[in-house]
């Protein structure tokens, strides 16, 4: 398999008042083009940190990330991020939010009408054409996340990074969005790294599930290859033995081999302060 | 239509009008009358009570300038001020008419004659002084905002810069305008030297004093507003590789606009308060000078005229605050729900 994206022995330390805190140690993962990877693990295990290092938002203390034989040193649109709490700019409409990215990324490459077409095309892809001139506070949580995905897709990234994209949504909306994401994936065949808490989501969407051990010094515990045929259908898979086998594998890892640190060690501070999703229901 | 009207009334802080609109559209009259009483009736009752209390207690205070004026005497003085203003304007019109006639005559006699057009130099009336004050306060306020907002954004984006200047801000912030004024006066006299000055020194001194005293809330609020922006928003900017100037104009400033406006509102309030004191000392021909001159004048009308000024100063301050609040609601994307 060709190594499109290479996360090479990445470790990171954060300076704290009580000396350095080692969050990640020897995270090593090679990802092929068009692969859909899920990162799963308990809260505070550094999943988001891995994603942020690939995005270039954090710099690794040791090791590094190589994308298409070029080392990642700063954030860039080739590694677009879908943030957990959508992070749309509230004073811009859905269209303008996507436009801000498109104008910056395709400056000098597309003319105005081409940009306009491209923005509309991406909003259509996530089924948001009907509300593209609404502002984030006028649309539901699920719709906001759709726009967030459209914004990331519109950058035509080499790798799409998704940080618990559906974490703050209710189950039904989440299922809709997962289906949309699978559709888009079928069409565009993006390389995706997605962080999730949700075992079903991981099995349903991924080609491989990367299970992380608990921090500190978290690393990859196990990698599970999911060889279910695509397109996948959640209803049919519910009774599928293979699907349930994958599911139980992940569950066993999470709840037997890596007990939730919150249960074993009492309440411990999470590795890094993260923004709690605003908890809006769709 | 009705809902839109009500919404815009609420946006502009005209809540007492809302029940009237609802009443006109025949919406549950009993509820609306109750609403009207609470929003309009109660304040009116309080004002009437205050006026009564004032007139009764004022009648019992004898000063060296005669009895302390009550509401009716103050109203009288107000009419006096209006009459003075009208008289002065008539004089001005007459002056220009005379000047024009004289010049026309001169030109008729000798087409090559050089005619002089002189501006009217009558004394400023109370209403001219109001405009001078407003003009001065806005000059100082705009000047202060032009310094405070960029500096605040810089402090908000750079924690180290903020730690560096924060003690300075905290020390300079509580200084009274009366303490600044002598320094500002001397500096302006030394630096602002011109044979044909565009602005009078008293105006420059007053405006700068307003700037010095009023810029701090804007500076602090901008810094805090920018520093507390959702980190993800800035990360969005980093991912699409926005140039830092665009990061500021497209993300940092719009995101902190509500906070900036709260700061501006406080600043303008302080500026207006400071201005009156500054004008008294700097002798800028605004409301402050009006009060001071009346106090020095010491006629039997003086106290009443000063009270007119006090009321006008209060009302203008209220209007300025209301203007800023409305502007904030119109411009910024999210206002706290409670303020609506």
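Got the relative contact order for the stretch A:125-222 handy, in percent, Cα pairs under 8 Å and 6 or more residues apart? Numbers along the way, then the final one.
On the way: 77 pairs, mean separation 23.5, N = 98.
Dividing the mean separation by the residue count of the stretch A:125-222 yields 24 percent.
Can you tell me the relative contact order of chain B? Whole percent, Cα pairs under 8 Å, sequence separation 6 or more. Spell out each step's value before the answer.
Numbers: 348 pairs, mean separation 72.2, N = 340.
Averaging sequence separation for qualifying contacts and normalising by length gives 21 percent for chain B.
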> In the protein assembly as shown, how does Rg compare with the Kirkwood Rh, expressed as the Rg/Rh ratio over alpha carbon atoms?
Replying inline: 1.13
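What relative contact order, as a whole-number percentage, does the stretch B:159-314 give when Cα pairs under 8 Å and 6 or more residues apart are counted?
26
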> Which ordering of B:215, B:17, A:132 is given by a fewest-first count of other beta-carbon atoms within 10 Å?
Replying inline: B:17, A:132, B:215
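What is the average number of partner chain Cβ atoms found within 10 Å of a Cβ in B:235-248? Provide the component values of the computation, followed by the final result.
Working: counts 7, 13, 5, 7, 20, 15, 8, 4, 1, 0, 0, 3, 0, 0.
Average neighbour count from other chains, rounded to a whole number: 6.
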>> With angles folded into 0 to 90 degrees, how steeply does helix A:112-125 sit against the dominant principal axis of chain A? Use alpha carbons for both and round to 10.
In response: 50
> So how tilted is helix A:241-252 from the main axis of chain A? Cα-based, degrees 0 to 90, rounded to 10.
Replying inline: 60
>> I'd like the mean, over residues of A:100-109, of how many other protein chain beta carbons sit within 10 Å of each residue's own Cβ.
In response: 3
> Between Rg and the Kirkwood Rh of the stretch B:66-109, both from Cα atoms, what is the Rg to Rh ratio?
Replying inline: 1.43
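If you take every DSSP beta bridge whose two residues both sit in the protein assembly as shown, what share of them, in percent to the nearest 5, is antiparallel? Please list the in-between numbers first.
Numbers: 23 of 40 bridges.
Given both bridge residues lie in the protein assembly as shown, the antiparallel proportion sits at roughly 60 percent.
Per DSSP H run of at least 4 residues, take -39500 (n - 2.57); add these up for the protein assembly as shown, divide by its residues and hand me the 222 nm value, nearest 500 deg cm²/dmol.
Helix contribution divided over all residues of the protein assembly as shown: -18500 deg cm²/dmol.
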> From a point 7 Å beyond the Cα of residue B:193 in the direction of its Cβ, which residues of the stretch B:272-291 have a backbone N at a distance under 15 Å?
Replying inline: none
> Helix A:171-188: angle to the longest alpha-carbon principal axis of chain A, degrees 0 to 90, nearest 10?
Replying inline: 70
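Rounded if a/c is under 1.5, else prolate if a/b beats b/c, else oblate: with a ≥ b ≥ c from the C-alpha gyration tensor eigenvalues square-rooted, which is the stretch B:22-163?
Values: a/c = 2.02, a/b = 1.32, b/c = 1.54.
Oblate shape, in that a/c is at least 1.5 and b/c is the bigger or equal ratio.
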> In terms of the Cα gyration tensor, with a ≥ b ≥ c the square roots of its eigenvalues, is the stretch B:148-235 rounded because a/c is under 1.5, prolate because a/b exceeds b/c, or oblate?
Replying inline: prolate
>> Using 0.36 nm times the number of residues separating residue B:113 and residue B:8, minus their current alpha carbon distance, what extension gain do you get?
In response: 31.9 nm
> For the pair residue B:45 and residue A:238, what calculated FRET efficiency results from E = 1/(1 + (r/R0)^6), where r is the Cβ-Cβ distance and R0 = 56 Å, to the nearest 0.05?
Replying inline: 0.20
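Using a ≥ b ≥ c from the Cα gyration tensor of chain B (square roots of the eigenvalues), is it rounded, prolate or oblate, where a/c under 1.5 gives rounded and otherwise the larger of a/b and b/c decides, a/b for prolate?
Working: a/c = 1.70, a/b = 1.21, b/c = 1.41.
It comes out oblate by the Cα gyration axes.
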> Would you list A:187, A:229 from fewest to most Cβ contacts within 10 Å?
Replying inline: A:229, A:187
> Percent antiparallel among DSSP beta bridges with both residues in chain A, to the nearest 5?
Replying inline: 55
> Running Debye on the stretch A:217-256 with equal point scatterers at the Cα sites and no solvent, what base-10 log of I(q)/I(0) appears at q = 0.14, 0.23, 0.35 Å⁻¹?
Replying inline: -0.39, -0.82, -1.23
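Coordinate-derived values only; no laboratory data. Source: prediction; values computed, not measured. For neighbour counting, all protein chains shown are included, and Cβ atoms are generated from backbone atoms with ideal geometry for every residue, glycine included.
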